[in-house]
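Here is the structure we will look at, set down as structure tokens.
The values are calculated or read from the model by the stated rules, or taken from the named source; none is laboratory data. Worth saying up front: this structure is predicted, and the values here are computed from it rather than measured. Cβ atoms come from the backbone with ideal geometry, glycine included; neighbour counts cover every protein chain shown.
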Amino acid sequence: MKRFLALLLFALPCVALDDFGDWAEDATVYVDFWTYDSSGAPVAPSTAFEAADIVIYKGDSVTQKATANGLTMASPFDTVTGYHVLTIDTSIDTGDTGFWVTGATYRVVLSADETVDGQSVGATVGYFSIQARYMRGTDNAATPAQVATELATYDGPTNAEMEARTLAAASYFDPAVDTVANVTLVATTTTNTDMRGTDSALLAASAPTNFGDLAITATTGYVDVGSIEGTDATDTLGTAQTGDSFARLGAPAGASIAADIAAVITVLGTPSGASLAVDIAAIEGPGGSGAVAIDHNFGSTDALLIRDAAGAAVGSAIVRMYLTSDYGTDAQTLLGYTITADDGRFLWPLYGDSGIDYTLVAEPPLGRGTTAVMEITTP
């Protein structure tokens, strides 16, 4: 809010002072005022006001601020005729040590050697304070005097009254033997119709009629089923099976599941391998196409067996096959892949065409060496 002081050339019985606010310690305070001629129009002084034209008093002291340090006068302010702004930096106390303090109020007086409209000027511009009117706490916070009054009139219980209201240790509540008023069924409950668990808990009345046939063996965690929809579960589910004697599906071709898979492979026209893993791989066909089989014995026994730098066999390595002419180019295409067993041998063979140069890239598991690149030519 702007605050103005009209310096008039005629006498007034009383002039209200401008309140320039309550400021924080070391704040910069702005005091602005106007000068007018006898007709009420803004007018400039005979020469510009300066900081030395300002006198500042603290409280009711008759000792004024000793220096103009920290005071800056803009006269006129922003070239506006008759408008003046005084800037007071209260953080500067050079030559005025102890003048700016919290809790004090200061009066700003214009005592200039210039004239305004041909008349000498002198007036109190206004006043401000430094942390003298700060709110303590909230608007409803009690003052120290109010707190002292409340404490003086407080009628607290005496020691005797406090002891009379304190239970002796022998009278403490013992949940094992003491009863609580207005609580029913404090003894052991044999029948309780309240819900146990959550509102969605399965009640016995809502369970299937054969739900009681389901039991869990505590020692093994196995689920024993007595019957399924009225049928004896033992006849329906059969007995536990082990080894290779599992129940058969359809008309089996051999004496085991491995033999059955071999039969499926034969029906599909895919060559059968030497193990169940090879048979499954042959069905899925990841080894590529062609008439020439390529495995760890290609060229000679274990010639392509995958080993690490120490010569130990590497299992779970992925062996990928590419055309040598395409390998490392944009035309590079995966023709097939296989995986090594723990002994470093191929789980299933790769297949290629006769008289072709192929590049095999063996990538071992993490921590088992580096990728090996091998070039072969099929017969």
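Kindly indicate the residue of region 1-35 that is aromatic (Phe, Trp, Tyr) and in contact with a Phe, Trp or Tyr (Cβ under 8 Å, 6 or more places away or on another chain) and also modelled with the lowest pLDDT among those meeting that condition.
My answer is Phe4.
Every residue, every condition in (1) within 24 Å of Gly118 (Cα to Cα); (2) surrounded by 13 or more Cβ atoms within 10 Å (Cβ to Cβ); (3) aliphatic (A, V, I, L, M), yes or no:
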{"residue": "Asp32", "(1), (2), (3)": "yes, yes, no"}
{"residue": "Thr47", "(1), (2), (3)": "yes, no, no"}
{"residue": "Gln64", "(1), (2), (3)": "no, yes, no"}
{"residue": "Asp89", "(1), (2), (3)": "no, yes, no"}
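Looking at Tyr134, is it surrounded by 11 or more Cβ atoms within 10 Å (Cβ to Cβ), modelled with pLDDT under 95, under 45 Å from the mean Cα position of the chain (by Cα) and of a type outside the set (S, T, N, Q)?
So Tyr134 fits the description; yes.
For region 55-62, check the following and say yes or no: at least one residue is in contact with a Phe, Trp or Tyr (Cβ under 7 Å, 6 or more places away or on another chain) and at pLDDT below 90.
For region 55-62, residues in contact with a Phe, Trp or Tyr (Cβ under 7 Å, 6 or more places away or on another chain) and at pLDDT below 90: absent.
If I ask for residues that are at pLDDT 80 or above and either within 49 Å of the chain's Cα centre (by Cα) or in a helix (DSSP H, G or I) (or both), which ones from region 172-195 would you list?
Selection gives Tyr172, Phe173, Asp174, Pro175, Ala176.
Note down all Cβ pairs under 6 Å where the first residue falls in region 23-45 and is within 22 Å of Arg107 (Cα to Cα) and of a type in the set (Val, Ile, Thr), the second is surrounded by fewer than 19 Cβ atoms within 10 Å (Cβ to Cβ) and modelled with pLDDT of 95 or more, and they're at least six residues apart or on different chains.
Final answer for the pair search is Thr28/Asp89.
Being β-branched (Val, Ile, Thr) and touching a Pro at 6+ places or on another chain (Cβ under 9 Å) is the filter here, so list the residues in region 305-338 that pass it.
Let us first name the residues in region 305-338 that are β-branched (Val, Ile, Thr), namely 306, 314, 318-319, 324, 329, 333, 338.
Ile306, Val314, Ile318, Thr338, listed by residue number.
Matching residues to (1) surrounded by fewer than 18 Cβ atoms within 10 Å (Cβ to Cβ); (2) farther than 16 Å from Glu375 by Cβ; (3) free of Cβ contacts under 8 Å to residues at least 60 places away in the same chain; (4) of a type outside the set (S, T, N, Q):
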| residue | (1), (2), (3), (4) |
| --- | --- |
| Ala309 | yes, yes, no, yes |
| Ala312 | yes, yes, yes, yes |
| Gly315 | yes, yes, yes, yes |
| Met321 | no, no, yes, yes |
| Ile339 | yes, yes, yes, yes |
| Gly344 | no, yes, yes, yes |
| Asp353 | yes, no, no, yes |
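Conditions (1) more than 30 Å from Ser61 (Cβ to Cβ); (2) in the same structural domain as Val31 (by TED's automatic domain parsing); (3) without any contact (Cβ under 8 Å) to a residue 60 or more places away in the chain, marked per residue:
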{"site": "Phe99", "(1), (2), (3)": "no, yes, yes"}
{"site": "Ala104", "(1), (2), (3)": "no, yes, yes"}
{"site": "Ala112", "(1), (2), (3)": "no, yes, no"}
{"site": "Val121", "(1), (2), (3)": "no, yes, no"}
{"site": "Val125", "(1), (2), (3)": "no, yes, no"}
{"site": "Ala145", "(1), (2), (3)": "no, no, yes"}
{"site": "Asp155", "(1), (2), (3)": "yes, no, yes"}
{"site": "Thr158", "(1), (2), (3)": "yes, no, yes"}
{"site": "Glu163", "(1), (2), (3)": "yes, no, yes"}
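I'd like to check something: does region 82-91 contain any residue that is in contact (Cβ under 8 Å) with a residue 60 or more places away in the chain and assigned to a strand (DSSP E or B)? So that I can check it myself, show each step before the final result.
Looking only at region 82-91, we keep the residues that are in contact (Cβ under 8 Å) with a residue 60 or more places away in the chain, and these are 88-91.
Okay, now just the ones that are also assigned to a strand (DSSP E or B), so 88-89.
Yes, that holds for at least one residue.
Do the conditions hold for Leu304, that is, is it touching a residue at least 60 places away in the same chain (Cβ under 8 Å) and touching a Ser or Thr at 6+ places or on another chain (Cβ under 7 Å)?
no
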